[in-house]
Amino acid sequence: MLRVYNTLSRTKEPFQPVRPGKVGIYLCGPTVYRPSHIGHMVGPVIFDCIKRYLTYCGYEVTLVINITDIDDKLIDEARRRGISVAELAAEMTADYMRNLEALGIDTVDHFPRATHHIQDIIDFTASLVDKGVAYVADGDVFFDVSKLPDYGKLSGRSLSAMRGEGGEASERKRAPADFALWKSAKPGEPSWPSPWGPGRPGWHIECSVMSHRFLGEIFDIHGGGLDLIFPHHENELAQSEARFGHPTVKYWLHNGLMQAADEVGKVGGRTTRALEGDLASQEAGKISKSRGASPFRELLQDYSPETIRLFILSSHYRRPIEFSEQRLHEVGVALDSFYRYFQRYHRLSGEDFYDLPVPKRRTEGVFDPGANPFLMEVAGLRDRFLEAMDDDFNTGAAAGVLFDLLRRLNRFVDEERLEERANRDTQRLAALRKGSRCLRELGGILGLFRQPVQVTAVPGDQLVGKLLDLLVEIRADARKARDFATADRIRDRLSELGIRLEDRPTGTEWIIQR
């Protein structure tokens, strides 16, 4: 049974959707005032994976990620650049979308923009005023937190410990923790007409309006970074429950933050090794634009989308992710072992790994291993993978099972000596195919191995080829002389340069990874 950790209850709970067979997910998206960095990709990758798994489990899933395209940060940046807020928002939204596309995040059903729902926001705000839980002050509208006795239940903060928004508006609030639903217009800022005068939405009200616009009064999962629990999600919860008179989100899921490691000072922030849920220490090291995080498009020039995706999913989503280029390189090298196996499978079976049929549902992937010890192990590994995903979407543990399955597949090839053509009988190849199909099935749940990686075994420069042949020959001589240290050093140094060696019965071949 699938269980998820609910921030509201602070426990793992059995997952039971509001409407049987259907799941609604809302993820807080970016404020589009500067180019996206890797921290902005964490939530979308995680919740794209969550949707893939829920769909695989048979649910009909709707995933919504909002775009905040009106905010103080946009106004300030547009003024600095001398362009309109609308122009800035369009440019940065396009950048965000390109990055999602590069990472294979194609499961999002709706990308609502705040400025497209101004009337909905005004209506929502007016309803709160009518209910007496919000008040008007000189063109601003504030939510009165004192009207909700359990305000603070999501973050666990007491009302006396909270501080509200500062600035000029703070003088018009009844209490420091009250927050803005509608902000009166300032000269030169974008504004819309409202019953309280020209103005624009507050930050928190946007998500309440758009989530319920697309998912209804009550939906299943609300996601976002750990840093959004307070004040953003606390205020969302308060205004939504005040508006509808009942809980509106069943499960609150919060992912850990992307943090900067010591060896990448250019990203900024100190290194913290926080436990999941430790917001204060995660915030201290969080990667952000203000800490100098480089645009995500630059990272894509050095690392493949599949490498970045596996990097994000290689730990449990509630834990912080420590960013470093060394770690990205390690993940890339690890992925390379899968690509080598795909080539090996093609060489042995004559079939492209990427052409293997992928079960679209959990029940479709079940197979009878019979008395075959290898297939029994494969079935057991599949069960372990699914158990990890059923345990609060533990992609880190699931990714570990993928590597275990890869090792078992390679061991099967070695044990059965399938590199020798005479041993490739129908039964052995059928077993290898089932195991490989399982690998593609499980990888697909994480959004991996969906399309071939471009590799080449023939360099353009003949001199490079001759030099590599010479190194292979020197390594072979070292192995014959039992000088394994030298042989391993040649292999490892070539690997660092992006060249891998494959030892086969017919000899050693080198492959340049592009």
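The values are calculated or read from the model by the stated rules, or taken from the named source; none is laboratory data. Source: prediction; values computed, not measured. Neighbour counts are summed over all protein chains in view; Cβ atoms, including those assigned to glycine, are modelled from backbone coordinates with ideal geometry. Side chains are part of the model used for accessible areas, which takes the heavy atoms of the whole protein and leaves out ligands, DNA and RNA. Shrake-Rupley method; radii C 1.70, N 1.55, O 1.52, S 1.80 Å.
Read through the list (1) in a helix (DSSP H, G or I); (2) under 21 Å from R450 (Cβ atoms); (3) free of Cβ contacts under 8 Å to residues at least 60 places away in the same chain, then give the number of the only condition that F47 fails.
(3)
Yes or no: the stretch 184-201 includes at least one residue that is of a type in the set (S, T, N, Q), farther than 26 Å from I46 by Cβ and touching an Asp or Glu at 6+ places or on another chain (Cβ under 9 Å). Before you say what the answer is, go through the steps one by one.
Taking the stretch 184-201 and keeping what is of a type in the set (S, T, N, Q), we get 184, 191, 194.
Then drop every residue that is not farther than 26 Å from I46 by Cβ, which leaves 184, 191, 194.
Keeping just the survivors that are touching an Asp or Glu at 6+ places or on another chain (Cβ under 9 Å) gives 184.
Within the stretch 184-201, one or more residues are of a type in the set (S, T, N, Q), farther than 26 Å from I46 by Cβ and touching an Asp or Glu at 6+ places or on another chain (Cβ under 9 Å).
Of the numbered conditions (1) touching a Pro at 6+ places or on another chain (Cβ under 6 Å); (2) under 15 Å from F124 (Cα atoms), S191 satisfies every one except a single condition; which is it?
(2)
Which pairs do you get when a residue that is within 18 Å of V18 (Cα to Cα), found in the stretch 191-216, comes within reach of a residue that is of a type in the set (A, V, I, L, M), reach meaning Cβ atoms under 6 angstrom, with the pair 6+ apart or on two chains?
If the second residue must be of a type in the set (A, V, I, L, M), the pairs left are F214/V64.
Before we move on, is A388 without any contact (Cβ under 8 Å) to a residue 24 or more places away in the chain, open to solvent by less than 60 Å² (accessible area, probe 1.4 Å) and closer than 18 Å to E441 by Cβ? Explain how you work it out, then say what you get.
On the way: without any contact (Cβ under 8 Å) to a residue 24 or more places away in the chain: yes; open to solvent by less than 60 Å² (accessible area, probe 1.4 Å): yes; closer than 18 Å to E441 by Cβ: yes.
Criteria met by A388.
Answer with yes or no whether P14 is modelled with pLDDT of 95 or more, open to solvent by 20 Å² or more (accessible area, probe 1.4 Å) and closer than 27 Å to I445 by Cβ.
Numbers: modelled with pLDDT of 95 or more: yes; open to solvent by 20 Å² or more (accessible area, probe 1.4 Å): yes; closer than 27 Å to I445 by Cβ: yes.
Spelling it out, P14 is indeed modelled with pLDDT of 95 or more, open to solvent by 20 Å² or more (accessible area, probe 1.4 Å) and closer than 27 Å to I445 by Cβ.
Of the residues that make up the stretch 63-71, is at least one part of a strand (DSSP E or B), open to solvent by 20 Å² or more (accessible area, probe 1.4 Å), in contact with an Asp or Glu (Cβ under 9 Å, 6 or more places away or on another chain) and among the polar types (S, T, N, Q)?
Here is the first cut: in the stretch 63-71, the residues part of a strand (DSSP E or B) are 63-65, 67-68.
Applying the additional criterion that residues be open to solvent by 20 Å² or more (accessible area, probe 1.4 Å) yields none.
Taking every residue of the stretch 63-71 in turn, none turns out to be part of a strand (DSSP E or B), open to solvent by 20 Å² or more (accessible area, probe 1.4 Å), in contact with an Asp or Glu (Cβ under 9 Å, 6 or more places away or on another chain) and among the polar types (S, T, N, Q).
Could you list, in sequence order, the residues of the stretch 403-417 that are of a type outside the set (S, T, N, Q), closer than 17 Å to V378 by Cβ and either in contact (Cβ under 8 Å) with a residue 60 or more places away in the chain or not in a helix (DSSP H, G or I) (or both)?
Quick first cut of the stretch 403-417, residues of a type outside the set (S, T, N, Q) only: 403-409, 411-417.
Restricting the remaining residues to those that are closer than 17 Å to V378 by Cβ gives 403-409, 411-416.
Hits for the stretch 403-417 are F403, L406, L409, V413, E416.
Could you check the stretch 342-379 and list, in sequence order, the residues that are open to solvent by 60 Å² or more (accessible area, probe 1.4 Å) and part of a helix (DSSP H, G or I)?
Result: H346, R347, D355, R362, T363, E364, P373, M376, E377.
Criterion first (under 30 Å from Y33 (Cβ atoms), out of contact with any strand residue (DSSP E or B) (no Cβ under 8 Å at 6 or more places or on another chain) and assigned to a helix (DSSP H, G or I)) does R382 satisfy it?
no
Go through the stretch 302-341 and count every residue that is of a type outside the set (A, V, I, L, M), over 21 Å from N255 (Cβ atoms) and open to solvent by 10 Å² or more (accessible area, probe 1.4 Å). Quick ask: steps written out before the conclusion?
Keep residues of the stretch 302-341 that are of a type outside the set (A, V, I, L, M), which gives 302-307, 309, 311, 314-320, 322-327, 329-330, 332, 336-341.
Then drop every residue that is not over 21 Å from N255 (Cβ atoms), which leaves 302, 304, 325-326, 329-330, 332, 336-341.
Pick out the ones that are also open to solvent by 10 Å² or more (accessible area, probe 1.4 Å) and you get 302, 304, 325-326, 329-330, 332, 336-337, 339-340.
Here the count works out to 11.
Six or more apart or on different chains, Cβ atoms under 7 Å: show the pairs whose first residue is in the stretch 485-503 and touching a residue at least 24 places away in the same chain (Cβ under 8 Å) and more than 17 Å from H329 (Cα to Cα) and whose second is among the charged types (D, E, K, R) and not in a helix (DSSP H, G or I).
So the pair list comes out as E502/E509.
Taking E283 as meeting all but one of (1) at pLDDT 70 or above; (2) open to solvent by 30 Å² or more (accessible area, probe 1.4 Å); (3) part of a helix (DSSP H, G or I); (4) over 23 Å from D150 (Cβ atoms), write down the number of the exception.
Unmet condition: (1).
Just name the residue that is least open to solvent (accessible area, probe 1.4 Å) out of those in the stretch 17-42 that are free of Cβ contacts under 8 Å to residues at least 40 places away in the same chain and not basic (K, R). Explain how you work it out, then say what you get.
Filtering the stretch 17-42 down to residues free of Cβ contacts under 8 Å to residues at least 40 places away in the same chain leaves 19-21.
Checking which are not basic (K, R) leaves us with 20-21.
Numbers: P20: 125, G21: 35 Å².
Only one residue fits best here, namely G21.
Restricting to the stretch 450-491, what's the tally of residues that are at pLDDT below 85 and either of a type in the set (A, V, I, L, M, F, W, C) or closer than 30 Å to I105 by Cα (or both)?
Count: 10.
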